[in-house]
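Written below as C-alpha cells is the structure these notes are about.
We did not get these values from a lab; they are worked out from the coordinates using the rules stated. Quick caveat: nothing in here was measured; it's all calculated off a predicted structure. Note that we place each Cβ from the backbone using ideal geometry, even for glycine, and neighbour counts take in every protein chain shown.
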Amino acid sequence: MTQIAEAELRTRMARAVREVRETNPLAPSITNTVTQNFVANAQLATGGSAAMVYLPDEAECVAGLGGAVYINLGTLLPVYAETVPACARACAEGDTPWVLDPVGVGIGSLRTRLIQEVRQWPPAIVRGNASEIIAVAELWGLNAARVDTQGPRGVDAADSVEAARTAAVAIARFTGGAVAVSGPADLVTDGTVIVRAEGGSPLMCSVTGSGCSLGGVATVYACVADPFTAALTATTAYNLAGARAAARCEGPGSFAVAFLDELSHIIPEEAADAPLTFEAA
C-alpha cells in the first residue's frame, strides 16, 4: 500500500470518528441476548445510537431507519429463522450496509442454515474470530479459503488469526466489503489490502460482549464510512480503549466500566494514528 493510500485511509478513519460524534447515527442490532446491554453501551460510547430488535417485521423496519444494521447470531431463538433473512434482504433492497457476526458458526442446523441463506444478500462487514471466519468461507463455498483447522468452531477461536488470512481475503472479495478477524493481533482486509493492528488487553476475553460489541461499533462507523474504514476504525478504537482501561482497572468488572469510559474518550486523531501494519492481500 502506498504512503498516499495509507494516509488517505487514516484520514477517513479520523473523519469516521468525528462524524459519528457529530451526527449520532442509529445503528440497530439483532444481537446476542447475553450481550445486548454491552453492545448498546459501546455503541452509545462511540457517539452512535442503539436499538435492539428481534421480530421479523421490526427487523425489516429498522433496515430502513438506521444507517447500517448489525446481525449477531450468538443466541438464536426460533423466530430468528424469519428475522435474520428478512433483515438481510431488506438491507439489500434498501442499499443499507449490514454487519454479520457469525458467533458459534458450526453449532446447530439453524445457525448453519442462516449463514448459508444470507450469502445471497452479502454483508458489508463480517467480524469474527479466526475459526468463525474460516467456517463462513467454507459454508459460502469459497474453496480458495479452505485450510486445515486446529479444532472445533464456536464462540472461542481454535485457530490463529494468520490461519484465517486466506479465508478473510476470500470473503472480502466475495462481498466487496471488509472482514475483521479478532485475536491477539487483529487482521482487517478489504480483499486487496491487509491491515494488522495490535493493542487491546487479555482482559477483553474475560468480559462477555467484547467481540459482540466490536461488531456493534463497526456498524456505527459503517453508518458514515465505507466498510473497510468502518471495520478498521472500530478495531483501532477498541485496541486503544482496551489498553488504556487495563492500565487502570483492578479486574474484569472494573475493566468493563473503564473500557466504556475510554471508548467514549477516543478522539479522531488517536484512532487514525494507531500503529498499523499494511500489506498486499
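Tabulated data
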| quantity | calculated |
| --- | --- |
| For the stretch 169-281, alpha-carbon Rg relative to the globular expectation (2.2 N^0.38 Å, N residues) | 1.04 |
| Cβ-based exposure ranking for W121, W98, in which fewest neighbours within 10 Å come first | W121, W98 |
| Residues C61 and A185, FRET efficiency given R0 of 35 Å [Cβ-Cβ distance, rounded to 0.05] | 0.35 |
| Environment charge of A59, counting only residues whose C-beta is closer than 10 Å and scoring Lys/Arg +1, Asp/Glu -1 | -3 |
| Under the Debye formula (equal points on every Cα, no solvent term), log10 I(q)/I(0) of the chain at q = 0.07, 0.09, 0.11 Å⁻¹ | -0.21, -0.35, -0.53 |
| Cβ charges +1 (Lys, Arg) and -1 (Asp, Glu), total dipole of the stretch 185-281, debye | 220 debye |
| Helix-only CD estimate at 222 nm, as mean residue ellipticity for the chain, using -39500 (n - 2.57) per DSSP H run (n ≥ 4) | -15000 deg cm²/dmol |
| DSSP bridge orientation in the stretch 3-280 - percent antiparallel, rounded to nearest 5 | 45 percent |
| Length-normalised contact order of the chain in % [C-alpha pairs under 8 Å, at least 6 apart] | 22 percent |
| Debye, to nearest 20: dipole size of the chain, +1 on Lys, Arg Cβ, -1 on Asp, Glu Cβ | 200 debye |
| Nitroxide proxy distance, nm - points 7 Å out along Cα→Cβ at E279 and V34 | 3.2 nm |
| Residue (of L187, Y238, F259) at the positive-pole extreme of the stretch 3-280, dipole from beta-carbon charges | L187 |
| Exposure proxy order (Cβ contacts within 10 Å, fewest to most) of L77, L139, L203 | L77, L139, L203 |
